[in-house]
Structures are given as C-alpha cells and as structure tokens.
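Here the structure comes first, spelled out in structure tokens, and everything after it is commentary.
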Amino acid sequence: MADNELQQAITAIKSGDKALGRSILVRIIQQQPKNELAWLWLSACVNTDDQKRDCLKKVLEINPENQNALQALNRLTLHIEEPTPEEMASKEKPIPEIPKQQVSTSVPVSHGQIKQKKKSSSIPTILFSGLVVIIIAAIVIIAISLFKNIVPLSILGIPISPSPTPTLDNISIKNDVVDYYDSKTIDVPNIFTGDGTTLSIPTKTFFSVTDVSVVDETIEGKNATVIVNIIVQPPIPCYSTGGIPGMLSQALGKEILSCDGPLTVEEEFQFKLYDSGEWRLEKEITG
C-alpha cells in the first residue's frame, strides 16, 4: 500500500503537481517516519531551502550513506541550482560517490572567495609596512637632531649651509623708532615747586614722528647700526616763546631754534638680532 502511494506521489511530482505529491508523502511519513525515499522526494516538493535541508537531514539520519541526500545538501550549501527529482532518482545518471571523510558541515569556499581573501589579507600587510617605514624615518630624524649636538654634521658627511641672517627691513626700523619716541621721556625742571626737582615728561608731548626713512644701514653679526631721517611735527606752532624749542632740542638731542612746522632730524640707532630671529632697537647712539 505504501509503495503504491509512494509511486503516486512520484508520478504527481514528475507531472508538476507538487502539492498533490507533498500531501501523499506527508501521509506516508506519518505512517512510516523512517521511510527514506519518502523523505527524499519530500525535499523536492517543499517551498523553502530550510524545509529542504530538514528533509535531507532526515534522510541522512535514516541512512548516512545516501549519496542523493548528500549531494542535494551540498548543492544547497553552495547555492547551486538543485537537480530535478528525475535526475536525483534516475539510475542512468548515478551521483558520484562522495567519501565519507570529505563530508563537512563547514561552508565550502569558492575559488573567487579564496582570491578575495588573499587580496584582502594583503591590505593589512601594506598598512603595517607603511607604518614601519614611518616609524623608522621618525627615529632617524630624532637621532640626527640629537646626534648633531654631540658630533658636527660635517663629520657625518652632511653638508652644512650657514643659516641666512634675518633681514632688517625698513618697516621694522620705522615701527621701532616711532615706538622709541612714544615711550621716551625727558627730565625738565619742576616750575611748580621751584625746589630744583624735575619732572619726567614724554617726548610725544612736544612732537610726534610722522615719517622715518633709512639713510644708511650697517650689519655686523648680530648688531646693526642704522642712520635714519625722522620727520617730527610739533603739536602747536612755536617760535621763540614758551621754551618749546629748548625742550625739542633736549628731546631730540639737536639744537632746535624754532618749531613753526615739520622738522627733519637725522638720528643714529643701534639694533640687535635676538635668538628668536627678530631685530629690536637697542639704543639711540646720538642725542
């Protein structure tokens, strides 16, 4: 009886009526849970891959040597199109025997996947090599910077070019001269007390520097002598009254007889080059 029903199920499946074949096979399996052939054909007419695997695993529980079940399960694992039930059942096209020791639950890896893994594994190697090169270069730079303080670089065969002296530009000279007169003070008698004391009065009280032009510049090592023409403007018109020319003379170190307009005065200053690479006005040489 079961054999007749099994043949009916196979005929229905071959004709394309999987639903009828499935219902007959389910009825057979309910009566004969260890019907190996019924489970095998049921795997051909269920809907999902998981259901197919369950059926094929049942076949292998009943008969671990069933080559049709092994082959079909392997195809599912590799996602290869499954053969038709006729190919599975046909004796004219036997499925090649698979040695038992080769059956594995791990997912086989295709040739393309192996190449991709090899390619991916080379990326960390390249990154690691690049990191090693960077570390070595940093060590060499640090070693040279430390070693040159002990051994002259010329001994190592490394040419040494003298560091260029920073230039003393006209803008820096002008700014320093203007700042110098803005902060300079002169001592004048204290007319309010008449006791011989003096008052410190900023020179900018008597004039403001409106322009500075460089006449000559001499640099020797870290020292420079600069001669400039400065144009000063008294704050108020003054002639021979009020003592303003005398104060101007004292502030500028020059004899000023009148101050009725802008005055051009030649001055000489000393500049010094500091380790920061900046030139600064050190002192007034004349005046």
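The values are calculated or read from the model by the stated rules, or taken from the named source; none is laboratory data. Bear in mind that the values here come from a model prediction, so they are computed numbers and not experimental data. Every residue, glycine among them, receives a Cβ derived from its backbone with ideal geometry; neighbour counts consider all protein chains shown.
So, in the range 184-198, how many residues would count as being in contact with a Ser or Thr (Cβ under 9 Å, 6 or more places away or on another chain) and free of Cβ contacts under 8 Å to residues at least 24 places away in the same chain?
4
Applying the selection to the range 34-60, what residues are in a helix (DSSP H, G or I) and basic (Lys, Arg)? Of everything in the range 34-60, those that are in a helix (DSSP H, G or I) and basic (Lys, Arg) turn out to be Lys52, Arg53, Lys57, Lys58. Just one of the listed residues (Ser154, Ser183, Ser145, Ser161) is at pLDDT 60 or above, polar (S, T, N, Q) and not assigned by TED's automatic domain parsing to the domain that holds Thr210, namely Ser145. Can you confirm whether Ile236 is modelled with pLDDT under 85, closer than 27 Å to Ser249 by Cα, touching a strand residue (DSSP E or B) at 6+ places or on another chain (Cβ under 9 Å) and among the β-branched types (Val, Ile, Thr)? It is true that Ile236 is modelled with pLDDT under 85, closer than 27 Å to Ser249 by Cα, touching a strand residue (DSSP E or B) at 6+ places or on another chain (Cβ under 9 Å) and among the β-branched types (Val, Ile, Thr).
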